[in-house]
1. Run the numbers for ARG389 and THR57: contour at 0.36 nm per residue of separation, minus the present Cα-Cα distance, in nm.
2. Report the Stokes-Einstein translational diffusion coefficient (µm² s⁻¹, integer) for segment 253-348, Rh taken as the Kirkwood radius over Cα pairs, at 4 °C with viscosity 1.567 mPa s.
3. So, in nm, how far is label GLN141 from label GLU31 when the simple model puts each one 7 Å beyond its Cα toward the Cβ?
4. Any idea what log10 I(q)/I(0) is at q = 0.19, 0.22, 0.23 Å⁻¹ for segment 5-113, Debye with uniform C-alpha scatterers and no solvent?
5. Let a ≥ b ≥ c be the square roots of the eigenvalues of the Cα gyration tensor of the chain; is it rounded (a/c under 1.5), or, if not, prolate (a/b larger than b/c) or oblate?
6. Give me the distance in nm between label points sitting 7 Å out from Cα along the Cα-to-Cβ direction at THR18 and ARG377, one decimal.
7. Compute the relative contact order of segment 5-113 as a whole-number percentage, counting only Cα pairs closer than 8 Å that sit 6 or more residues apart in sequence.
8. Taking only the alpha-carbon atoms of segment 53-133, what semi-axes of the equivalent ellipsoid follow from 5 times the gyration tensor eigenvalues under a square root, in whole Å, largest first?
Amino acid sequence: MSTTLASCNAKGAIGYDTTLVPLADGGIVREASSDELIPAPPGTLEYVLPGRHPLTTIGPIAGRNVLAVALPAGYTRLLLPAYATDRAAPALPLFGYTFACAIDDRLHVAAARTDECEDWEPRGFAAGELEALIVRRRSAQPHNRVLRQVALCSLEYACFTAQNVFLERGEAALPVSPKCNARCIGCISEQEGDGPPSPQTRIADEATARELADVAIYHLHRAFDGIVSFGQGCEGEPLLRSISIARAIEMVRAQCSNGTVNLNTNGSLPSALARCIDAGLDAVRISLNSFRAHVYDAYYRPAGYELADVLESVRLAAARGIRVSLNLLTHPGVTDDEQELLAMEAFLRESPVSMVQTRSLNIDPAVYFEAVGRPRRPIGMRRAIERIRALSPVGNFTHTH
Ligand code: SF4
């Protein structure tokens with residue numbers, strides 16, 4: 001199998017050059033191996049990276065721009081594109097840039113399929129179809145601010161969990177908190193300074209427990225095995241509103257015993273999480289980028305908590321018997337660093353979880369490496385996923401069992 005360069009001209013048109021062998025970035029720059037490459041799956045998005053020139057085995061190709069891709073849900077990125085950057089190159093927006101090349105005249109990407117779920121397959125709507133569903137649903141509770149927010153998220157951000165509120169199936173979004181106690185470099189709802197804009201706008205309202213419960217009850221009455229999830233991309237940290245979440249959960253469970261009440265969180269406040277579990281929380285997904293405090297702090301920039309609190313939340317939730325998933329924000333060169341894997345394995349042996357979701361972190365790789373440092377001994381994401389799998393089920397979505 002011989003890989004050939006796939007790149008873009010100044011206008012962004014993609015071209016393959018069979019005389020050039022591309023290099024990829026796994027924390028160290030190298031050729032991709034055959035077991036790291038798959039044909040580009042449906043739903044793959046192609047990006048030209050301005051002011052960035054692909055690295056090949058004969059050096060950077062100045063006259064070409066890098067072609068990178070973003071993977072559809074259900075896939076984990078294994079390698080980054082490798083490139084030389086012009087001094088005046090603009091910062092890159094928050095996407096999961098993945099290495100791509102051509103094999104036998106077909107686009108291939110450095111990815112592994114880590115989960116399958118019909119509800120997360122790429123979706124499309126007929127003209128006006130989604131809008132009509134939104135109008136019909138909102139007419140049932142016209143003043144509900146949660147519905148107003150997820151309507152915006154459905155149309156503006158094509159958020160699947162927001163759309164599910166109107167499709168009345170699967171996992172439905174319950175955004176709850178405008179504030180956060182972290183300042184993640186790659187926060188998708190709020191960006192500081194002159195960096196790239198956040199892909200979503202942080203919510204402004206604090207919906208009441210009643211508003212949240214009404215949306216959840218309506219959903220679970222129609223999606224028997226449905227999931228309702230506090231903690232979405234458009235908000236801050238939900239545990240900062242644990243009292244309202246606990247009240248909402250009690251209201252939900254007073255009216256329906258089916259489905260799953262889930263919380264997506266940064267896990268910063270174990271006692272607030274305990275309050276939600278006391279109220280009837282069924283599942284929690286705790287996000288982190290690393291099991292090493294210095295790497296965690298460099299990305300999350302936590303205010304008033306630390307990684308030890310996050311890990312304590314994992315232990316607490318597991319000990320309370322609810323379903324615990326980790327939302328591991330993966331990045332080649334960091335997640336597969338030998339020191340990172342040793343720290344992760346030590347924790348997972350001591351505190352097994354129901355699933356590790358290996359999501360690709362959406363960030364400019366140069367910004368991330370500058371913050372957390374380049375690795376010394378990356379072993380490759382494929383092997384890293386295998387080492388995780390030896391200690392925990394691996395996936396990409398929140399499952400109910
Ligand atoms: S924890 Fe979430 S909301 Fe808070 S800064 Fe990080 S990504 Fe943003």
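1. Values: separation 332, 0.36 × 332 = 119.52 nm, distance 3.32 nm.
So the chain would gain 116.2 nm between ARG389 and THR57.
2. Reported coefficient: 91 µm²/s.
3. If labels sit at GLN141 and GLU31, their model points lie 5.7 nm apart.
4. -0.91, -1.25, -1.38
5. On the way: a/c = 1.94, a/b = 1.50, b/c = 1.29.
Note, shape of the chain comes out prolate.
6. Going from the THR18 label point to the ARG377 one covers 4.1 nm.
7. Result for segment 5-113 is 31 percent.
8. Working: eigenvalues 197, 62, 30 Å².
Three semi-axes, in Å: 31, 18, 12.
The values are calculated or read from the model by the stated rules, or taken from the named source; none is laboratory data. Model, not experiment: these values are computed from the prediction. Note that each Cβ is placed from the backbone with ideal geometry, even for glycine, and that neighbours are counted across all protein chains shown. In case anyone asks, the SASA skips ligands and DNA or RNA and just uses the protein heavy atoms, side chains included. Shrake-Rupley method; radii C 1.70, N 1.55, O 1.52, S 1.80 Å.
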